[in-house]
Amino acid sequence: MFSLAELAERLGARLVGDPDCRVDHVATLEDADTGSITFLANRKYARHLATTRASAVLVSESDAEGLNTNALVVRDPYVAYAQVAAWLYPSRDESAGIHNSACVDADAQVDPGAWIGAQSVIEAGAVVEEGAFIGPGCVVGREAQIGAHTRLVANVSICSQSRIGAHCILHPGAVIGADGFGLANDQGQWVKIPQVGRVILGDKVEVGANTCIDRGAIGDTVIEEGVKLDNLIQIGHNVHIGAHTAIAAGVAIAGSAHIGRHCAIGGCAGIVGHIEIADNTTITAMSMVLNSIHKPGVYSSGGPLEDNANWRKNFVRMKQLDDMARRLKTLEKKLEP
Amino acid sequence: MFSLAELAERLGARLVGDPDCRVDHVATLEDADTGSITFLANRKYARHLATTRASAVLVSESDAEGLNTNALVVRDPYVAYAQVAAWLYPSRDESAGIHNSACVDADAQVDPGAWIGAQSVIEAGAVVEEGAFIGPGCVVGREAQIGAHTRLVANVSICSQSRIGAHCILHPGAVIGADGFGLANDQGQWVKIPQVGRVILGDKVEVGANTCIDRGAIGDTVIEEGVKLDNLIQIGHNVHIGAHTAIAAGVAIAGSAHIGRHCAIGGCAGIVGHIEIADNTTITAMSMVLNSIHKPGVYSSGGPLEDNANWRKNFVRMKQLDDMARRLKTLEKKLEP
Amino acid sequence: MFSLAELAERLGARLVGDPDCRVDHVATLEDADTGSITFLANRKYARHLATTRASAVLVSESDAEGLNTNALVVRDPYVAYAQVAAWLYPSRDESAGIHNSACVDADAQVDPGAWIGAQSVIEAGAVVEEGAFIGPGCVVGREAQIGAHTRLVANVSICSQSRIGAHCILHPGAVIGADGFGLANDQGQWVKIPQVGRVILGDKVEVGANTCIDRGAIGDTVIEEGVKLDNLIQIGHNVHIGAHTAIAAGVAIAGSAHIGRHCAIGGCAGIVGHIEIADNTTITAMSMVLNSIHKPGVYSSGGPLEDNANWRKNFVRMKQLDDMARRLKTLEKKLEP
């Protein structure tokens, strides 16, 4: 629980209203009740400002006039909300030590300030640094490294030699460092290419549930600091993702693609291998990226949703497009003066 | 093993043939042998009725004439088949108690009629109700609740505070209640928004292998009773899915989308966040849904598969569509009388 | 570490240069250093041959002239590289026995030459054959069979009765034999169809991280020998995949589809159920396959990536395609002589 005076000081916010008012939970503008703090980050919800029952609201200067509630006026209400929520809901995973059901190899190196959870496995040569939290059912493979204050929530698999930075979060079912899909075709049969590279994750990387990041074939797969990956994402071998790029769920990135810094990639987009995406590029959901993108901007592909009957009619015509274009050209020529 | 007389009584079916004939396994019409019971649910396979070697077949009234086998005549053969198969193949997971390798926190509450499997973890404050089955390698997080007769098959991760209803089935690798993808951008760097809501699953929900359902950001992600989710599905934070909706594998639903009741969503469809889908809506496979759907119906998007050479030609023309439409209009104007 | 003379003999290669030169690691042409062996498989990188610092390079006869390094001249440099890398980086998982934290049911049958890893579970009736490696956190369900020298890396779930061939590799989070998505609709509510078939994996199958292969509804799901599956793939119930087919990440194949031998399926493609794909068919990334393919070839679907502003314009026109085609036809008729 915090007083608004205390929050104002921590945030460097301008306080409008009662400094002694106390908040102990977060809420949406619409569902807020006494004791809650909320925020306005999207103008779409501004109409709720007048009726919200929140004890306090985080707003920007432009929305600070004529409020019925206490307010903390900040530069970016959403960022301020993130901070306040983190203070109100601190992580409860603060233990240190090794659960008696965990299997920690005698040749592993676990900092006394780290936590190794129930039923987890730390293999030989692995290193778990100070303040790291290895949740239940996780496996940290041979010679893998888990950076300080990094959190493996549960049932995470870290394959051998992977290096995870500090202050990372890996959600359940994430798999780091599995073999990439490397195959040579020997007269019709596939021969496995040993995948001898590693995965390197920078600091403050977040990896969603059941997301997979393959180890490099030769050389490493690299995810730079501050990259945020949602759930069920596939990152192929030797992909490189630049710092502070965010990728939504279901995206697949094929081997050796090089994604820039500060990119935003929408859900279920697919990116082929061996291409480059410029820094600051945005790709919208479900887009298919077959070529390099050299110029930052917003890129899209995909067709419109239609009533099934209409879709069927247009679907058939898509096979005739080139023919239609040629016939159009022919007509234009006929009608030239 | 059941006699047909017994099955007829249980199903309320009309029996044609030998009441003492016994069946002990299921089969397809085509591969059936003595002792098997099969069904005709799709007219496409009606031709096999004449030659099937099944001991009995479940059929509707309209197919009950002139059969060479015993028959149970029912309103809906596929539903009847589901029932018969459940009787012939009862679940074998009927134990109660706690496996000696499981880790159950002293502050967890496990009903004596529940089963806690090998290498599983039940954290503090969790509740496991009567008849629930926690399979091997599962993690039930802090203050999570598992309803009566719910089954976690294996290696399932239930994050803290999630509430799972009764008679649910969660397949291996499912992740319930991981953090949603909530980020605020603070001058180029991503700040994590604490995800303080929960996941609420109604009764009789089925969750496929490696499917992920994220916890709410503020407020809860809600999956109503009877919803069936296939494998590798992504459900974002604060999504609401209405009762008895079925969703095929690979679908991704972004945050705060509201899906109606009795919907059917085809494999690999993508649904953006903050939209509404009306009850009884069908969306076909791989569709991209960018806007709300207010009128029930069947909706589709996506282009036709073609020989690669043809596809390349038409692919190029898709970038010229607007131009083609304008040129077509120009020609039409020229030719107006 | 190997001398080039030794490698030449093992590979049946022609050696150009110093037979006593020794190599102990692999590298790319570009990043190679002393002691490394590399390869040229893609003409695109031929320019690096002149400057590589590798101790040896695997090349085909046509590239063997005028090299500055030692060379091993082989029929297929990529296949030869696969072999050399396997010799230089042998698997380190060669243990036999049962880790003291593993739970092996008294009625399971584990070959003394197999390894059962930490925190793993082998249920009643399961069979683990000679040289198999069950990694940490894996679950092998009732009556499942794991073939000789097959490797479950970590946190793999093998459901009851699944049969895994010899020399397979299953990466972390893979789920074999979960229930298929079988439902009958009983007046608006879904009734589960018991899934009583199995999964059968042939020899030398590789299954990627978090990939799911569902058990058959009736009868089995069959993956023939030498099939290679990348990560996050969904294989529905009763799918049949022919030998030596390779499938990239994110693909979903619906129930009862029959995929031929020696096919190649690109990432994130979707294949509907109950269709057939001919042997030797290639399907490019993100394609939507709604019908059987009877003739081998390369098939594609999907639209081009565009700058968002252009895409929006063309996107709208896709709904007008059938109309445009009809109007074009009308104009052509008007202009017929």
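The values are calculated or read from the model by the stated rules, or taken from the named source; none is laboratory data. Please read these numbers as outputs of a predicted model, since none were measured by experiment. Counting neighbours? That spans all protein chains shown, and the Cβs are built from the backbone with ideal geometry, glycine included.
Tabulated results
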{"quantity": "Filtered residues of the range B:6-44 (kept if touching a strand residue (DSSP E or B) at 6+ places or on another chain (Cβ under 6 Å), surrounded by 14 or more Cβ atoms within 10 Å (Cβ to Cβ) and among the acidic types (Asp, Glu))", "calculated": "B:ASP18"}
{"quantity": "Residue check, A:ARG198 in contact with a strand residue (DSSP E or B) (Cβ under 8 Å, 6 or more places away or on another chain) and among the charged types (D, E, K, R)", "calculated": "yes"}
{"quantity": "Given (1) closer than 19 Å to A:LYS319 by Cα; (2) away from chain B (no Cβ under 11 Å), number of the condition C:ALA278 does not satisfy", "calculated": "(1)"}
{"quantity": "Residue in the range A:198-213 that is farthest from C:ILE233 (Cα to Cα), counting only those that are surrounded by fewer than 24 Cβ atoms within 10 Å (Cβ to Cβ) and touching a residue at least 40 places away in the same chain (Cβ under 8 Å)", "calculated": "A:ASP203"}
{"quantity": "Test set (1) within 21 Å of C:ILE193 (Cα to Cα); (2) under 27 Å from the mean Cα position of the chain (by Cα) - B:SER95 fails condition number", "calculated": "(1)"}
{"quantity": "Any chance B:ALA243 is hydrophobic (A, V, I, L, M, F, W, C), assigned to a loop (DSSP other than H, G, I, E, B) and crowded, with 24+ Cβ neighbours inside 10 Å", "calculated": "no"}
{"quantity": "Strands (runs of 3 or more DSSP E) contained entirely in the range A:126-217, each with at least 2 residues that are among the small types (Gly, Ala, Ser)", "calculated": "A:175-178"}
{"quantity": "Residues of the range A:299-325 classified as among the charged types (D, E, K, R), over 35 Å from the mean Cα position of the chain (by Cα) and facing another protein chain (nearest Cβ under 7 Å), total", "calculated": "4"}
{"quantity": "Contacts under 8 angstrom Cβ, first residue in the range A:246-263 being more than 9 Å from chain B (Cβ to nearest Cβ) and under 16 Å from A:ILE293 (Cβ atoms), partner of a type in the set (S, T, N, Q) and in a strand (DSSP E or B), 6 or more apart", "calculated": "A:VAL251/A:GLN234; A:ILE253/A:GLN234; A:CYS263/A:THR282"}
{"quantity": "Test: residue in the range C:183-199 that is within 14 Å of chain A (Cβ to nearest Cβ) and of a type in the set (Val, Ile, Thr)", "calculated": "no"}
{"quantity": "Count of the range B:164-183 residues which are over 15 Å from the mean Cα position of the chain (by Cα) and buried (at least 20 other Cβ atoms within 10 Å of the Cβ)", "calculated": "8"}
{"quantity": "Members of the range C:225-240 that are free of Cβ contacts under 8 Å to residues at least 40 places away in the same chain, crowded, with 24+ Cβ neighbours inside 10 Å and more than 10 Å from chain A (Cβ to nearest Cβ)", "calculated": "C:GLN234, C:ILE235, C:VAL239"}
{"quantity": "For A:THR51: the one exception among (1) modelled with pLDDT of 95 or more; (2) more than 30 Å from B:VAL140 (Cα to Cα)", "calculated": "(1)"}
{"quantity": "Answer from C:LEU232, C:LEU328 - the residue that is within 18 Å of A:PHE315 (Cα to Cα) and either assigned to a strand (DSSP E or B) or at pLDDT 95 or above (or both)", "calculated": "C:LEU328"}
{"quantity": "Count - residues of the range A:271-318 that are among the hydrophobic types (A, V, I, L, M, F, W, C), assigned to a loop (DSSP other than H, G, I, E, B) and under 18 Å from C:TRP311 (Cβ atoms)", "calculated": "5"}
{"quantity": "Number of the condition not met by A:GLY270 [criteria: (1) under 19 Å from B:TRP190 (Cα atoms); (2) crowded, with 24+ Cβ neighbours inside 10 Å; (3) within 11 Å of chain C (Cβ to nearest Cβ)]", "calculated": "(1)"}
{"quantity": "Where B:GLN83 falls short, out of the listed (1) in contact with a helix residue (DSSP H, G or I) (Cβ under 8 Å, 6 or more places away or on another chain); (2) more than 14 Å from chain C (Cβ to nearest Cβ)", "calculated": "(2)"}
{"quantity": "Residue within the range A:171-179 that is acidic (Asp, Glu) and more than 8 Å from chain C (Cβ to nearest Cβ) present", "calculated": "no"}
{"quantity": "Hits in the range B:64-98 - residues which are small (Gly, Ala, Ser), crowded, with 18+ Cβ neighbours inside 10 Å and under 12 Å from B:ARG14 (Cβ atoms)", "calculated": "B:ALA71, B:ALA80"}
{"quantity": "Subset of the range C:99-124 that is within 13 Å of chain A (Cβ to nearest Cβ) and part of a loop (DSSP other than H, G, I, E, B) - its residue that is surrounded by the fewest Cβ atoms within 10 Å (Cβ to Cβ)", "calculated": "C:ASN100"}
{"quantity": "Evaluation of B:GLN145 against (1) of a type outside the set (A, V, I, L, M, F, W, C); (2) more than 19 Å from A:ALA249 (Cβ to Cβ); (3) over 23 Å from the mean Cα position of the chain (by Cα) (one fails), failing number", "calculated": "(3)"}
{"quantity": "Candidates B:ILE164, B:ILE218, B:ILE146, B:ILE158, filtered to the one that is touching a Ser or Thr at 6+ places or on another chain (Cβ under 6 Å), more than 30 Å from A:ALA41 (Cβ to Cβ), without any contact (Cβ under 8 Å) to a residue 60 or more places away in the chain and away from chain C (no Cβ under 14 Å)", "calculated": "B:ILE164"}
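Yes/no per residue for (1) without any contact (Cβ under 8 Å) to a residue 12 or more places away in the chain; (2) closer than 27 Å to A:ARG198 by Cα:
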| position | (1), (2) |
| --- | --- |
| C:GLU30 | no, yes |
| C:ASN42 | yes, yes |
| C:ALA46 | no, yes |
| C:ALA50 | no, no |
| C:GLY66 | yes, no |
| C:ASN70 | no, no |
| C:VAL74 | no, no |
| C:PRO77 | no, yes |
| C:TYR81 | no, yes |
